[in-house]
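A.B. asks: Please see the structure below; I have some questions.
The values are calculated or read from the model by the stated rules, or taken from the named source; none is laboratory data. What you see is a predicted model, and the numbers here were worked out from it, not measured in a lab. Here Cβ is always computed from backbone atoms with ideal geometry, including for glycine, and neighbour counts include all displayed protein chains.
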Amino acid sequence: MKTIIVGGGIMGLCAAWALRRLGAEVTLIEQASLPNPLGSSVDQHRLIRYPYGAARGYARMVHAAYDSWERLWRDLGVTLYVETGTLVLSGPGDDWAAQSRTMLAAEGIQHESLDAAALAARFPLLDGAGIAEAFQCEHGGILRAEAIIGSLKHHLLDRGLRLLSRMRVDAVDAEAGAVRLMDGRRLQADQVLVAAGPWTAALLPDLAEMARPSRQVAVYLAPPPDLAVAWYHAPMLLDIGQQTGFYAVPPRVSGDGMRLGLKISDHRFGPTGDPGAPFAGERQARPDEIEAILAPARQRLVRFDEYRVVEARTCFYDVAPEERFQFRRLGPRGAVFCGSSGHGFKFASCLGEAMALALTGQADFAAVADWIGGALLTPMDQPALGVFGGINALPASASDSSA
Ligand SMILES: Cc1cc2nc3c(=O)[nH]c(=O)nc-3n(C[C@H](O)[C@H](O)[C@H](O)COP(=O)(O)OP(=O)(O)OC[C@H]3O[C@@H](n4cnc5c(N)ncnc54)[C@H](O)[C@@H]3O)c2cc1C
């Protein structure tokens, strides 16, 4: 079977990985270099965690994600994940932490509630005033985004991926399974998958409501030197409120000696804009955007005025209604994934596997699309979909045989 993937972010690459494992031929077309530094997937880290507010379908999907990343690490020959654990906080009136705790309890996912004394004893980096709820999960951590993209690219090139980089796709013909390239050429396959992230609506304008580019700001910080060791042992911090809040990615040194920085950001959606605008111009983070990220952290972290801003980055992701990922048929020979809404990276490997099963006809497309959209499926439904059952049945060395 021949497939074309439009977009070489984490979604396109993971779909390519899974399709190669199923024995499909894959041509991946990327408009920029790969990785595209302006894409959603490019930064030191992306987080994976079980707490998910009331979104139980996605909390349950985290199990599938961890299983799937393990398959990817085996293929890559390296684990590009650093476990940190997860600390969830909230102020009075914010219900995300309480919803997450209730849902984790219902799902049987281990976590520990912390009272003010326990919080103060374990996390002296925090100012406990104003924290109404806190709990800790043993699991959760850092997916090393840039390293994963780089490693996957080379793994796939070694296993027969055909990569066309610096080549934009200008049109998709989902009846014929064809794309038109910027140089006028037409390429044809059995299936086309569009995974264009925040550029989705530029290629498929009908999907503008399902993939609104949202401008986000992330700030790298240097803590006061005497707090550095505590940060290297700290879990990821999630303080996600309706109106305010932030999350912090703790610094780490990975097994291969890479220094991963302390980063804070938030989960509120920003203004829309052009994801392709160059970094030197309007992509630069403005002082007011940086201050909006720092303000909630200033309330929670002791001695925050002694922290130094090292770097601030802007990044676009594409937002769908209710933050539900979209996997849609464009025609008999074409499909699109979009709407990753700021929480897609953690699932990319299992989404890639599920989409590959659907595109090759080994799982029911509509059922896979529901699962990808965060629908809460019962354990009875999942094997019937071929989602978990099918994924787990993939032979670990299929990619080698087609190299
Ligand atoms: C600041 C920030 C923090 C985040 N934190 C997390 C987190 O902690 N955990 C988490 O799970 N997720 C997180 N996310 C979300 C996650 O990064 C995204 O869900 C994911 O990277 C989306 O990947 P993608 O492949 O869909 O998009 P992209 O990485 O943008 O890839 C799309 C690619 O398609 C290419 N392309 C577009 N149009 C065309 C065309 N016409 N022809 C050829 N190529 C084309 C683009 O150049 C681009 O390389 C975060 C996102 C941001 C911005």
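A.B. asks: In this structure, is G255 in contact with a Ser or Thr (Cβ under 6 Å, 6 or more places away or on another chain) and surrounded by fewer than 20 Cβ atoms within 10 Å (Cβ to Cβ)?
C.D. replies: For G255, the condition - in contact with a Ser or Thr (Cβ under 6 Å, 6 or more places away or on another chain) and surrounded by fewer than 20 Cβ atoms within 10 Å (Cβ to Cβ) - is not met.
A.B. asks: Is there any pair linking a residue in the range 331-347 that is within 15 Å of L13 (Cα to Cα) to one that is hydrophobic (A, V, I, L, M, F, W, C) and more than 13 Å from the ligand (Cβ to nearest atom), with Cβ under 7 Å and at least six apart or on different chains, and which?
C.D. replies: V336/L330
A.B. asks: Among the helices (runs of 4 or more DSSP H) confined wholly to the range 285-403, which include 1 or more residues that are within 16 Å of the ligand (Cβ to nearest atom) and either at pLDDT below 90 or hydroxyl-bearing (S, T, Y) (or both)?
C.D. replies: Hits in the range 285-403: 348-359.
A.B. asks: Still on this structure, please answer the following. Going through W199, W231 one at a time, which residue ends up being in a helix (DSSP H, G or I), within 30 Å of Q299 (Cβ to Cβ) and in contact (Cβ under 8 Å) with a residue 12 or more places away in the chain?
C.D. replies: After applying the criteria, what remains is W231.
A.B. asks: Report the residue count in the range 202-222 for those that are over 21 Å from the mean Cα position of the chain (by Cα), in contact (Cβ under 8 Å) with a residue 24 or more places away in the chain and either within 16 Å of F327 (Cα to Cα) or surrounded by 21 or more Cβ atoms within 10 Å (Cβ to Cβ) (or both).
C.D. replies: Looking only at that region, the number is 3.
A.B. asks: Next question. Does S113 count as among the polar types (S, T, N, Q), within 18 Å of P35 (Cα to Cα) and surrounded by fewer than 20 Cβ atoms within 10 Å (Cβ to Cβ)?
C.D. replies: Answer is no for this residue.
A.B. asks: Restricting to the range 182-201, count the residues that are out of contact with any strand residue (DSSP E or B) (no Cβ under 7 Å at 6 or more places or on another chain) and either under 15 Å from I5 (Cα atoms) or surrounded by 17 or more Cβ atoms within 10 Å (Cβ to Cβ) (or both).
C.D. replies: 2
A.B. asks: Inspect all residues belonging to the range 240-251 and state whether any of them is farther than 18 Å from Q299 by Cβ and in contact (Cβ under 8 Å) with a residue 40 or more places away in the chain.
C.D. replies: Yes, there is a match, as at least one residue in the range 240-251 is farther than 18 Å from Q299 by Cβ and in contact (Cβ under 8 Å) with a residue 40 or more places away in the chain.
A.B. asks: For the range 126-148, which positions are part of a strand (DSSP E or B) and modelled with pLDDT of 95 or more?
C.D. replies: Of everything in the range 126-148, those that are part of a strand (DSSP E or B) and modelled with pLDDT of 95 or more turn out to be L126, A134, F135, Q136, C137, G141, I142, L143.
A.B. asks: What about A15, is it within 12 Å of the ligand (Cβ to nearest atom), within 14 Å of H343 (Cβ to Cβ) and either outside any strand (DSSP E or B) or not aromatic (F, W, Y) (or both)?
C.D. replies: no
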